[in-house]
Each structure stands twice: as structure tokens, then as C-alpha cells.
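The values are calculated or read from the model by the stated rules, or taken from the named source; none is laboratory data. Keep in mind it's a predicted model, so treat the numbers as computed, not measured. Cβ placement follows ideal geometry from the backbone for every residue including glycine, while neighbour counts extend to all protein chains displayed.
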Amino acid sequence: MDAKKILVIMGSPRKGNTYRACEELRGMLEKELPVAFEYLWLKDANLQPCKGCLLCFTQGEEKCPGRGDDASRIEQKMLDADGVVFATPVYGFSVTGQMKIFIDRLSYIFHRPRFFDKKALLLTTAGVMGNEDVLKYLDTVARIWGFEVAGKAGMITAAPVPQYRIDKNRQALAGAAREFSAALKRGLQKSPGMMDVFIFRGQRGAFSQLADVSPADYAYWKEKGWFDRRTKYFVDVPVNPLWHAIGTVVEWFSARDIKRDREHGPGETS
Ligand SMILES: Cc1cc2nc3c(=O)[nH]c(=O)nc-3n(C[C@H](O)[C@H](O)[C@H](O)COP(=O)(O)O)c2cc1C
């Protein structure tokens, strides 16, 4: 088997707990399958903080005022990888600033997802608390970007770390490594979950109404064939018929809300 390319998007500003956890993960994965590990240190990347103009959503990412920074290079690295590890310490109950700038800068991918054949592992470290919330947030980001999330581990690091915590951290990491390596070996995409189907249908309902307001989104969805009634999901995988049926209702409400808001026209703002 060829080595699977693993890209670590590293949100920590230092080679500390999060890096050590990633190295431990690397060791665990190497026991399961050949892997080529690469770190992308966000602290060293040139990523322009989002200015809020929305041009990436409406006109296309190439219109971002920050264009020319490392965003498209990083996106390409993720497209070239088989698996991506999103790794961040918990800062103030959230991701680090570096990680947030990265997510904001690539936010056009929430509207125009593209990582469907990629697996994601989510790894957080926290002194005491906050791992669950941050893992949940990263899960939302990775899923909407198109990743199959296969493995999550939150680790507690406040010194002195007692032995039982060390064991728990290792167990969490080993569980995530097993799930990630199984998904990497399988390669093929799993059937989407209920929320994945609803996100697809909700977005379809919205973007189908927004050709004039958000032409970049509309063009991308059209080019991918996602507006086609026969298309049940972003990619051609079996979709649970119940999720599909409820998804039709989700899509109808989504399109109706957009239409209704547009019929009302803009209100007065102070
Ligand atoms: C600015 C800052 C904010 C932090 N906020 C939290 C927090 O909200 N909850 C927590 O449990 N630990 C918090 N920590 C501790 C780190 O999450 C923890 O030490 C982590 O393992 C550091 O990872 P690193 O060694 O890769 O930098 C914070 C640390 C810093 C520097």
C-alpha cells in the first residue's frame, strides 16, 4: 500500500502539548498503515485575517482582498492529502487565533465544499476544560467542508498530569487513531448522516434562490450538478431514504424562507 498523505493543520503557536500529541498519533498510525506526515504550522503561514467583505462568498475566493497570501496553497495541500488532522490547543474555550484566522479565511468552502474523499481527525488539548466544545466546533467545520470526520481526541494537559489522565489521554488518542486509519484504509466515502443530508438540502434550497446575490455559489453548485433534482447528495453515495424524504421538506423551507425575506425587501437600519 502506498503511504497515505497526512497533513496536520497545526493551530498551536509552539511545539508543545499539541505537537507532542500529534507525534504520538503519528506513532500509532504508523503501526496501522504507511503514512507520510506533514505539518502545516499556521503560526508560520501568511494568512490575511478576514476583512468581512463577503466577496469570497458572492464573487469567488479569487476576489478576496487577502489574495496572494497562503490560503490557496494550504487549500491545495489539503486537496493533495488523504487525511487532515486539525490540531489545536483550547484557548479561552475556543480554537487558537491562528486556527480561527485560517477557518475564516477559507470560509468560502462552507458554501462550496470540496474535500469529499478526505478523512479528518480532530485533536485538541486543554489544560483543564473546553475540549468537547472545541471538538464539536471543529466537527461542524470539517463536515461542512466535505470531510468525513473519522476520529476525535481531546486531551487534558495541566501539569502535573496524573497517571490516570495520561492513560485516558492515550486511550482517547488510540481510539481516534484506530478510526482514522480504518477510514484511510477504506478510502471510499461512507453514506452521509442525517445532518449531512439536511445541510446539503438546506444549502440547495438557499443557493438555488441566490443566483443574482451570490453568483459564485450559484455557479459552483450548478457546475457540480447539485441543483439537479436527481442529485441526492454532494457525491454519489447511498442516501438513507428517510433522510432524503425529510430533506425535501428541509429544502422547501429553506428556499421559502429566502424567497420570503427577499419579497419583504430590506428593512430600515439605524
Ligand atoms: C491564551 C491561553 C488560553 C487558554 N485557555 C484555556 C481554556 O480555555 N481551557 C483550558 O482548559 N486550557 C486553556 N489553556 C491551556 C492550554 O489549552 C493547554 O496548556 C494546551 O495543552 C496548550 O497546548 P500547546 O502546548 O500545544 O500550546 C489556555 C492557554 C493559553 C496560553
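A few remarks follow.
To keep it simple, each residue is scored yes or no on (1) aromatic (Phe, Trp, Tyr); (2) touching a Cys at 6+ places or on another chain (Cβ under 8 Å); (3) at positive phi.
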position: Thr88; (1), (2), (3): no, no, no
position: Ser94; (1), (2), (3): no, no, no
position: Phe102; (1), (2), (3): yes, no, no
position: Tyr108; (1), (2), (3): yes, yes, no
position: Pro113; (1), (2), (3): no, no, no
position: Asp117; (1), (2), (3): no, no, no
position: Leu122; (1), (2), (3): no, no, no
position: Met129; (1), (2), (3): no, no, no
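- When residues in the range 51-89 are screened for being closer than 30 Å to Lys185 by Cα and either among the basic types (Lys, Arg) or within 16 Å of the ligand (Cβ to nearest atom) (or both), 7 of them pass.
- Some residue of the range 189-206 being acidic (Asp, Glu), assigned to a loop (DSSP other than H, G, I, E, B) and more than 30 Å from Val128 (Cβ to Cβ): no
- Residue within the range 118-135 that is assigned to a helix (DSSP H, G or I), in the same structural domain as Met10 (by TED's automatic domain parsing) and either hydroxyl-bearing (Ser, Thr, Tyr) or out of contact with any strand residue (DSSP E or B) (no Cβ under 6 Å at 6 or more places or on another chain) (or both) present: yes
- When the range 90-102 is filtered for residues that are away from the ligand (no atom under 11 Å from the Cβ) and without any contact (Cβ under 8 Å) to a residue 12 or more places away in the chain, only Lys100 remains.
- Tally of residues being within 13 Å of the ligand (Cβ to nearest atom), surrounded by fewer than 22 Cβ atoms within 10 Å (Cβ to Cβ) and among the small types (Gly, Ala, Ser) across the range 1-35: 1
- The set of residues in the range 1-17 that are out of contact with any Phe, Trp or Tyr (no Cβ under 9 Å at 6 or more places or on another chain), closer than 17 Å to Phe86 by Cβ and not charged (D, E, K, R) comprises Gly16, Asn17.
- Some residue of the range 227-241 being part of a helix (DSSP H, G or I) and either surrounded by 15 or more Cβ atoms within 10 Å (Cβ to Cβ) or modelled with pLDDT of 95 or more (or both): yes
- Among the candidates Leu138, Leu184, Leu173, residue that is within 17 Å of Glu24 (Cα to Cα), surrounded by 22 or more Cβ atoms within 10 Å (Cβ to Cβ) and touching a residue at least 24 places away in the same chain (Cβ under 8 Å): Leu173
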